[in-house]
Amino acid sequence: MSFERDNIQRMQGYASGEQPEDARTIKLNTNENPYPPAPAVNRVIQDFDPVALRRYPPPTADTFRDVAAALHGVSRSNIIATRGGDELLRLIITTFVDPGRLIAMTAPTYSLYPVLAQIQDCPILQIPLQTDWSLPSNFCQQANEAGAALTLIVNPHAPTGHLLDAATIASMAAQLDSVLLIDEAYIDFVDPSLQHDCLDLVHQFDNLLFLRTLSKGYSLAGLRFGYGIGTASLITPMLEKTRDSYNLDLLSQKIATAALLDQDHARQSWQQVRLERQRLSEALLAMDLTSAPSQANFLLVNVPVTIGISAASLYLGLKQKHILVRYFDQPRLDDKLRITIGTRTENDQLLEALTQLLATA
Ligand SMILES: Cc1ncc(COP(=O)(O)O)c(C=O)c1O
């Protein structure tokens with residue numbers, strides 16, 4: 001006999017990317033930052049007195065919220081700190097979407113979204129992206145007509161790296177009847193020359209929320225720390241009603257605050273990633289492996305049939321050589337590999353391994 005709710009029994013859980021523990025594997029599969037976190041993080045850990053763990057942590061992580069608010073030019077009431085961006089996604093769904101109401105998203109998208117929708121017993125509408133991975137022009141109309149209560153957009157998009165500009169985001173917020181979550185997990189890797197910044201829009205739209213994470217841009221995926229930015233009327237119910245009472249432990253609050261304060265360190269890693277993204281995409285192109293223009297810390301690499309080896313086989317071949325990349329066995333992605341930008345050395349090893357695999361194909 002099963003005690004699971006019907007929707008939980010029907011669903012599959014989220015399939016995390018492989019996380020091998022051996023040090024020799026080159027991990028280019030889960031979009032982690034290849035560079036270390038800020039030195040200030042080391043200092044926080046070294047100076048941390050475990051006696052402080054006797055007490056509960058600050059419930060709403062206000063020191064962190066103040067630092068994030070100052071960084072983004074908003075006020076504390078516009079920020080909620082969460083256990084990774086993933087907790088924010090769960091809070092948004094449980095706070096704003098009744099079970100049975102529809103959640104709109106693109107296809108493809110972050111594969112956790114459908115899983116979280118199923119947990120809340122919500123149907124999803126997946127609207128296919130166009131061939132260049134841009135949004136179809138009637139995206140908002142489709143979401144509205146289907147009665148979406150929430151729309152989830154990743155920007156820059158995963159798994160393609162495609163960037164929607166601020167004017168598009170503003171127009172979506174204006175058109176949609178639903179709450180609009182712009183998931184900016186990869187925003188730090190956007191080329192600064194584009195001067196991309198959407199956060200001002202939180203003052204204009206009461207249905208617009210942004211997700212940020214320290215997992216990628218701040219090299220802290222293992223910490224589990226993210227935050228949401230939005231108008232206070234969206235932030236407050238999550239902060240005061242649906243959040244776990246002490247959702248963030250004391251040490252991670254201190255580490256996250258220190259990391260966010262060291263913008264210089266973080267920016268250097270973003271710039272390195274961008275330079276390597278450019279170099280890697282050019283080197284792959286020279287091997288007939290084209291990739292979609294990416295503003296994120298990964299490339300979605302096309303494996304054409306002319307190359308004589310499938311994307312699935314290439315993924316396995318790389319794995320045998322202890323290089324992990326991400327293969328999605330789903331329509332429109334099954335002839336592609338998503339490759340996280342590594343360090344220069346890691347990327348060189350990847351290119352060398354690909355050269356060997358293609359030579360024997
Ligand atoms: C698109 C997207 N959003 C959100 C997240 C959540 O990241 P985290 O929970 O590590 O902050 C991820 C992680 O891979 C992601 O790819």
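The values are calculated or read from the model by the stated rules, or taken from the named source; none is laboratory data. Keep in mind the model is a prediction, meaning the values are calculated, not measured. Positions of Cβ are generated from backbone atoms using ideal geometry, with glycine treated the same way; all protein chains shown enter the neighbour counts.
Identify the residue in the range 54-99 that is on the phi > 0 side of the Ramachandran plot and crowded, with 17+ Cβ neighbours inside 10 Å and, among all such residues, is farthest from the ligand (Cβ to nearest atom). Outline the logic, then answer.
To start, the set of residues in the range 54-99 that are on the phi > 0 side of the Ramachandran plot comprises 61, 73, 84.
Of the ones still in play, those that are also crowded, with 17+ Cβ neighbours inside 10 Å are 61, 84.
Values: Ala61: 15, Gly84: 3 Å.
Taking the candidates together, the pick is Ala61.
At pLDDT 95 or above, surrounded by fewer than 18 Cβ atoms within 10 Å (Cβ to Cβ) and in contact with a Pro (Cβ under 7 Å, 6 or more places away or on another chain): is that true of Asp288 in this structure? Criteria met by Asp288.
Report yes if Ala167 is without any contact (Cβ under 8 Å) to a residue 40 or more places away in the chain and either outside any strand (DSSP E or B) or among the hydrophobic types (A, V, I, L, M, F, W, C) (or both), otherwise no.
On the way: without any contact (Cβ under 8 Å) to a residue 40 or more places away in the chain: yes; either outside any strand (DSSP E or B) or among the hydrophobic types (A, V, I, L, M, F, W, C) (or both): yes.
Spelling it out, Ala167 is indeed without any contact (Cβ under 8 Å) to a residue 40 or more places away in the chain and either outside any strand (DSSP E or B) or among the hydrophobic types (A, V, I, L, M, F, W, C) (or both).
All of Ala185, Ala149 fail the test of being within 19 Å of Ala256 (Cβ to Cβ) and either in contact (Cβ under 8 Å) with a residue 24 or more places away in the chain or assigned to a loop (DSSP other than H, G, I, E, B) (or both), apart from Ala185. Among the residues of the range 85-104, those that are under 18 Å from Asn7 (Cβ atoms) and either modelled with pLDDT under 95 or in a strand (DSSP E or B) (or both) comprise Leu102, Ile103.
Which of the residues spanning the range 147-171 are surrounded by fewer than 15 Cβ atoms within 10 Å (Cβ to Cβ) and either farther than 21 Å from Ala296 by Cβ or of a type in the set (Lys, Arg) (or both)? Let's see the steps before the verdict.
First, the residues of the range 147-171 that are surrounded by fewer than 15 Cβ atoms within 10 Å (Cβ to Cβ): 147, 165, 167, 171.
Within the range 147-171, Gly147, Ser171 meet the criteria.
Would the range 73-80 turn up any residue that is basic (Lys, Arg), part of a helix (DSSP H, G or I), over 16 Å from Val179 (Cα atoms) and in the same structural domain as Ile235 (by TED's automatic domain parsing)? Yes. Does Arg10 satisfy being in the same structural domain as Leu251 (by TED's automatic domain parsing) and basic (Lys, Arg)? Taking the combined requirement at face value, the residue does not satisfy it. It is to be established whether one or more residues within the range 242-259 are touching a strand residue (DSSP E or B) at 6+ places or on another chain (Cβ under 6 Å), of a type in the set (Gly, Ala, Ser) and surrounded by 24 or more Cβ atoms within 10 Å (Cβ to Cβ). Looking for residues that are touching a strand residue (DSSP E or B) at 6+ places or on another chain (Cβ under 6 Å), of a type in the set (Gly, Ala, Ser) and surrounded by 24 or more Cβ atoms within 10 Å (Cβ to Cβ), one finds none in the range 242-259, hence no.
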